[in-house]
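Structure, as structure tokens:
The values are calculated or read from the model by the stated rules, or taken from the named source; none is laboratory data. Source: prediction; values computed, not measured. No Cβ is skipped: glycine too gets one built from the backbone with ideal geometry, and neighbour counts run over all protein chains shown. All accessible areas refer to the heavy atoms of the entire protein, side chains included, with ligands and DNA or RNA removed. Shrake-Rupley method; radii C 1.70, N 1.55, O 1.52, S 1.80 Å.
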Amino acid sequence: MKTSAFLVGCIVALGLQLLPVQADAPPTAFEKALYEKARYQVLSKLNDEDFVSYCITMNVGGETLLKFHDEILARQTELADRINEGLTADQPQVMSLNAALKDLRSQYAVKISEVRKGLEIESKIAEETLTALSQSQR
């Protein structure tokens, strides 16, 4: 009797393990808006370097942001290589690389501002959504 009860218990436990796991329900509009608002509050306080790290990791800001980031890193590496070869700041190759880096950083700054503005707008939409949802539940 004890053996059969034990076997039934094992079969039930095993059966529960084999059942498909229910995925979490998709977030509600309220939860999504709350997340977007909180995300902006955190991101708006980050310096550009940390902000870009987040954006690249989370694929926010599109390919252009990543392209500028990668191009700047490549040019910085190339500049370091030229300096390690003994070139100085007044030599044409170094001057050219410095000018290219200055231009890239300028464009990069514009793109970072665009991404920050987009997230700010997203946060405002989230705030309006939260307000509308709160009013509709009254």
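Output the number of the condition that T88 fails; it satisfies all remaining conditions of (1) open to solvent by 60 Å² or more (accessible area, probe 1.4 Å); (2) in contact with a helix residue (DSSP H, G or I) (Cβ under 7 Å, 6 or more places away or on another chain); (3) at pLDDT 95 or above.
Unmet condition: (3).
Of the residues that make up the range 92-101, is at least one touching a helix residue (DSSP H, G or I) at 6+ places or on another chain (Cβ under 8 Å), aliphatic (A, V, I, L, M) and open to solvent by 80 Å² or more (accessible area, probe 1.4 Å)?
No, there is no match, as no residue in the range 92-101 is touching a helix residue (DSSP H, G or I) at 6+ places or on another chain (Cβ under 8 Å), aliphatic (A, V, I, L, M) and open to solvent by 80 Å² or more (accessible area, probe 1.4 Å).
What do you reckon, is L73 out of contact with any helix residue (DSSP H, G or I) (no Cβ under 9 Å at 6 or more places or on another chain), among the hydrophobic types (A, V, I, L, M, F, W, C), assigned to a helix (DSSP H, G or I) and under 28 Å from R39 (Cα atoms)?
yes
Please go through the range 43-65 and pick out each residue that is closer than 13 Å to Q107 by Cβ and open to solvent by 50 Å² or more (accessible area, probe 1.4 Å).
Listed by number, the list holds a single entry, T64.
Only residues that are out of contact with any Phe, Trp or Tyr (no Cβ under 8 Å at 6 or more places or on another chain), assigned to a loop (DSSP other than H, G, I, E, B) and free of Cβ contacts under 8 Å to residues at least 24 places away in the same chain: list them for the range 21-64, please.
V21, Q22, A23, D24, A25, P26, T28, K45, N47, N59
Give S134, S106, S123 a once-over and let me know the one that is under 30 Å from L34 (Cα atoms), loosely packed, with under 14 Cβ neighbours inside 10 Å and out of contact with any Cys (no Cβ under 6 Å at 6 or more places or on another chain).
S134
Would you check if there is a residue in the range 102-114 being assigned to a helix (DSSP H, G or I) and over 24 Å from the mean Cα position of the chain (by Cα)?
Yes, the conditions are met somewhere in the range 102-114.
Could you tell me which residue of the range 95-113 is farthest from Y40 (Cα to Cα), considering only residues that are in contact with a Leu (Cβ under 9 Å, 6 or more places away or on another chain) and in contact (Cβ under 8 Å) with a residue 40 or more places away in the chain?
For the range 95-113, the residue satisfying everything is Y108.
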